[in-house]
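Participant: The structure follows.
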Amino acid sequence: MTNADPILDIQNIEVVYNNTIQVLRGLSLSVPRGAIVALLGSNGAGKSTTLKAISRLLEMEKGELKSGDILFDGQSVRADTPHGLVRRGLFHVMEGRRIFEDLTVEENMIAATYAGSNAEARKRFDLVYEYFPRLFERRKGLAGYLSGGEQQMLAIGRALIANPKIILLDEPSLGLSPLLTEEIFSIIARINNEQKTSMLIVEQNAAMAFAVADYGYIMETGRIMLDGPTSVLTDDPDVQEFYLGMSGGDDAGHKSFRDIKHYKRRKRWLS
Amino acid sequence: MIDWLFFSEIGLAGLGTGGLYALTALGFVLIYKATRVINMAMGEILMLGAYVFMGFTASTLLPIWLSILLAIACTGLIGGVIERVIIRPMLGESEISVFMVTIGLGSVLVGLVELIWGANPQRLIEFIPKEPIFIGEAYLSSKIGYAFVTAAIVLAVFLAIFRTWRGGVALRATAGDQAAAYSMGINVPMVFSSVWVISAMIAAGAGILVGSIGGISPEMGVYGLSVLVVVIVGGLDSLLGALIAGLMVGLIETYAGAYLGGEYKLLATFSLLVLVLILRPYGLFGTHEIERL
């Protein structure tokens with residue numbers, strides 16, 4: 001994707017865990033300022049690893065960025081610490097929401113005030129409550145007792161407190177009902193629109209991600225296989241079949257094993 | 001017929017002992033609160049603090065108050081080095097591994113102190129005023145009295161800080177989920193360093209007080225085990241719990257010693273431990289694990 005000055009630019013990165021397992025093999029992608037970019041792929045493709053490589057949380061899991069570079073706001077993240085990056089404006093909402101269960105909803109948000117000045121962050125509490133009125137109702141309660149949807153709201157709310165330039169969202173739809181997923185995604189779109197926050201969203205729910213994203217990347221086994229504006233991707237027959245769950249063409253219903261083999265061959269050929 | 005004067009004197013002594021327990025427990029609680037690790041080397045760090053103090057008073061002509069401050073600062077520094085060299089590489093590992101590391105650390109510290117200062121028990125320089133304190137008619141040894149006041153002040157300061165300062169939230173967030181705390185801008189390594197430094201400083205202060213009451217020896221780290229009882233009774237992550245359980249254990253231990261005989265001291269405290277664990281497995285003030293159904 002060509003863009004003059006992307007907020008996030010990943011250039012040909014390789015990530016190895018424990019010095020043995022290579023997860024990312026020359027992955028490149030970029031997120032233009034103010035855009036929502038979706039990153040799709042099957043389980044184990046390396047989507048979460050990509051996000052962790054960006055936010056430097058990889059170190060916690062003995063992962064290492066072997067080659068390539070990641071530019072955030074024009075500067076490499078290599079020399080940065082995870083907390084340093086948050087202060088520069090990059091917020092990673094981790095997979096599984098990762099709220100602090102023993103803390104109240106409000107304390108969860110206080111924990112996010114470390115990204116900037118305390119006074120500045122406190123002003124943003126109202127903003128979070130405006131997007132998520134339910135969090136306001138439950139602000140004194142322990143976060144561990146929130147429902148899954150409310151926990152996801154809290155996870156996104158914490159990101160808002162930090163007033164980031166870009167939010168990395170790892171599977172916001174995880175474990176949520178279709179209705180809640182839709183609600184969360186509509187708020188994500190609103191935040192992007194009103195706060196001008198760029199977003200990189202990792203999703204399994206491709207239909208939902210394409211509904212809000214401007215551009216999409218599809219990855220398999222550690223590299224990008226396909227990318228393009230979401231309008232183009234949604235029309236791609238392979239994407240329709242394998243990610244959007246539409247069975248292609250007229251012979252709806254059954255797919256013979258030969259066709260799947262064909263796809264696998266195609267993938268191998270591409271890689 | 002109960003001798004009320006005797007009863008209250010024992011009570012005062014018990015509160016004094018309890019104050020020291022509570023102070024040391026604070027060191028445990030801080031580290032646990034931020035890292036979910038029970039630092040088994042706490043007693044040894046306390047012992048080290050007392051020896052460092054002895055080192056300063058024996059070899060220099062510094063005024064006592066300066067020696068105390070220097071000993072506390074040095075032990076804090078040692079705590080920081082321990083964290084940086086031994087605990088930091090364990091970041092992201094399971095708590096039980098770090099727990100085991102602290103057990104080893106305790107042995108290393110005992111060995112170091114024996115190498116430097118020898119294995120024999122020693123006396124600390126007398127620096128606490130000797131005149132006994134009378135509360136009403138009840139007599140209280142001045143050492144225990146001053147120890148109690150010091151412990152009370154330090155605990156009050158910490159309780160106040162944690163009620164108001166957002167750093168308390170940062171500690172608990174780090175304890176809850178290191179990676180998540182990292183991901184929202186909390187400087188996790190810094191949190192680790194600070195709790196180790198502060199805990200070591202508290203331990204050093206407690207060590208100087210404990211040592212000046214009962215003398216010091218490399219085996220003094222066993223004191224940490226008694227305090228572990230306090231911490232478990234109070235709830236591992238509760239400052240208030242540490243305070244109240246400290247006083248409780250101190251009182252029960254001293255009363256048992258006075259009325260039943262010295263051999264009942266441990267029996268009494270451990271009975272309390274068992275009782276509390278049966279009724280409230282997470283301690284009197286500890287946090288419940290949340291299970292959402």
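Participant: Can you give me the number of residues within segment A:16-34 that are free of Cβ contacts under 8 Å to residues at least 60 places away in the same chain and of a type in the set (A, V, I, L, M, F, W, C)?
Facilitator: 2
Participant: I would also like to ask the following. Taking segment B:1-38 as the search range and keeping residues that are part of a loop (DSSP other than H, G, I, E, B) and of a type in the set (V, I, T), which one is surrounded by the most Cβ atoms within 10 Å (Cβ to Cβ)?
Facilitator: Applying the filter and picking the extreme gives B:V37.
Participant: Might you let me know whether segment B:45-64 holds any residue that is within 19 Å of B:V227 (Cα to Cα) and in a loop (DSSP other than H, G, I, E, B)?
Facilitator: No, there is no match, as no residue in segment B:45-64 is within 19 Å of B:V227 (Cα to Cα) and in a loop (DSSP other than H, G, I, E, B).
Participant: Just to be sure, is B:E93 more than 14 Å from chain A (Cβ to nearest Cβ), of a type in the set (D, E) and either crowded, with 20+ Cβ neighbours inside 10 Å or not in a helix (DSSP H, G or I) (or both)?
Facilitator: no
Yes/no per residue for (1) modelled with pLDDT under 85; (2) closer than 26 Å to A:P172 by Cα; (3) among the β-branched types (V, I, T); (4) surrounded by 18 or more Cβ atoms within 10 Å (Cβ to Cβ):
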{"site": "A:N193", "(1), (2), (3), (4)": "no, yes, no, no"}
{"site": "A:A209", "(1), (2), (3), (4)": "no, yes, no, yes"}
{"site": "A:D214", "(1), (2), (3), (4)": "no, yes, no, yes"}
{"site": "A:M219", "(1), (2), (3), (4)": "no, yes, no, yes"}
{"site": "A:T234", "(1), (2), (3), (4)": "no, yes, yes, yes"}
{"site": "A:D238", "(1), (2), (3), (4)": "yes, yes, no, no"}
{"site": "A:E241", "(1), (2), (3), (4)": "yes, yes, no, no"}
{"site": "A:K255", "(1), (2), (3), (4)": "yes, no, no, no"}
{"site": "A:R258", "(1), (2), (3), (4)": "yes, no, no, no"}
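Participant: Within segment A:202-241, count every residue that is under 18 Å from A:P164 (Cα atoms) and touching a Pro at 6+ places or on another chain (Cβ under 7 Å).
Facilitator: 0
Participant: For segment B:169-188, enumerate the residues that are within 23 Å of the chain's Cα centre (by Cα) and either surrounded by fewer than 18 Cβ atoms within 10 Å (Cβ to Cβ) or of a type in the set (S, T, Y) (or both).
Facilitator: Result: B:T174, single match.
Participant: Going by what's in this entry, would A:L169 be described as within 13 Å of chain B (Cβ to nearest Cβ) and either farther than 30 Å from B:T35 by Cα or touching a residue at least 60 places away in the same chain (Cβ under 8 Å) (or both)?
Facilitator: Criteria met by A:L169.
Participant: I'm checking my understanding of the structure. Among residues of segment A:104-113 that are free of Cβ contacts under 8 Å to residues at least 40 places away in the same chain and facing chain B (nearest Cβ under 7 Å), which one is surrounded by the fewest Cβ atoms within 10 Å (Cβ to Cβ)?
Facilitator: If we take residues in segment A:104-113 being free of Cβ contacts under 8 Å to residues at least 40 places away in the same chain and facing chain B (nearest Cβ under 7 Å), then A:E107 is surrounded by the fewest Cβ atoms within 10 Å (Cβ to Cβ).
Participant: Does any residue of segment A:120-128 turn out to be away from chain B (no Cβ under 14 Å), in contact (Cβ under 8 Å) with a residue 12 or more places away in the chain, surrounded by 15 or more Cβ atoms within 10 Å (Cβ to Cβ) and over 30 Å from A:L233 (Cα atoms)?
Facilitator: Scanning segment A:120-128, I find at least one residue that is away from chain B (no Cβ under 14 Å), in contact (Cβ under 8 Å) with a residue 12 or more places away in the chain, surrounded by 15 or more Cβ atoms within 10 Å (Cβ to Cβ) and over 30 Å from A:L233 (Cα atoms), so the answer is yes.
Participant: Turning to a different aspect of this structure: Scanning for something of a type in the set (S, T, N, Q) and either over 25 Å from A:I161 (Cβ atoms) or away from chain B (no Cβ under 13 Å) (or both), does segment A:55-62 turn up at least one residue?
Facilitator: No.
Participant: What do you reckon, is B:V229 buried (at least 24 other Cβ atoms within 10 Å of the Cβ) and either among the β-branched types (V, I, T) or under 11 Å from the mean Cα position of the chain (by Cα) (or both)?
Facilitator: no
Participant: Something else: Which of the residues spanning segment B:123-147 are more than 14 Å from B:I10 (Cα to Cα) and crowded, with 16+ Cβ neighbours inside 10 Å?
Facilitator: B:L124, B:F127, B:I128, B:K143, B:Y146, B:A147
Participant: Also, quick follow-up: Hey, can you tell me all the residues within segment B:207-258 that are part of a helix (DSSP H, G or I) and of a type in the set (D, E)?
Facilitator: Residues satisfying the conditions are B:E219, B:E253.
Participant: When you go through A:A111, A:A155, A:A115 one by one, which is the residue that is modelled with pLDDT under 90, closer than 28 Å to B:R36 by Cβ and under 22 Å from the mean Cα position of the chain (by Cα)?
Facilitator: A:A115
Participant: For segment A:166-190, which positions are closer than 21 Å to A:Y217 by Cβ and more than 14 Å from the chain's Cα centre (by Cα)?
Facilitator: Once the filter is applied, which keeps residues that are closer than 21 Å to A:Y217 by Cβ and more than 14 Å from the chain's Cα centre (by Cα), segment A:166-190 yields only A:T181.
Participant: I'd like to check something: does segment A:173-181 contain any residue that is assigned to a helix (DSSP H, G or I), in the same structural domain as A:L24 (by TED's automatic domain parsing), buried (at least 17 other Cβ atoms within 10 Å of the Cβ) and not basic (K, R)?
Facilitator: Checking segment A:173-181: at least one residue is assigned to a helix (DSSP H, G or I), in the same structural domain as A:L24 (by TED's automatic domain parsing), buried (at least 17 other Cβ atoms within 10 Å of the Cβ) and not basic (K, R).
Participant: While we're here: Taking A:E194, is it part of a helix (DSSP H, G or I), within 14 Å of chain B (Cβ to nearest Cβ) and free of Cβ contacts under 8 Å to residues at least 24 places away in the same chain?
Facilitator: So A:E194 does not fit the description; no.
The values are calculated or read from the model by the stated rules, or taken from the named source; none is laboratory data. Keep in mind that this is a model prediction, so the values were computed, not measured. Quick reminder, even Gly has a Cβ in these numbers, built from the backbone with ideal geometry, and neighbours come from all protein chains shown.
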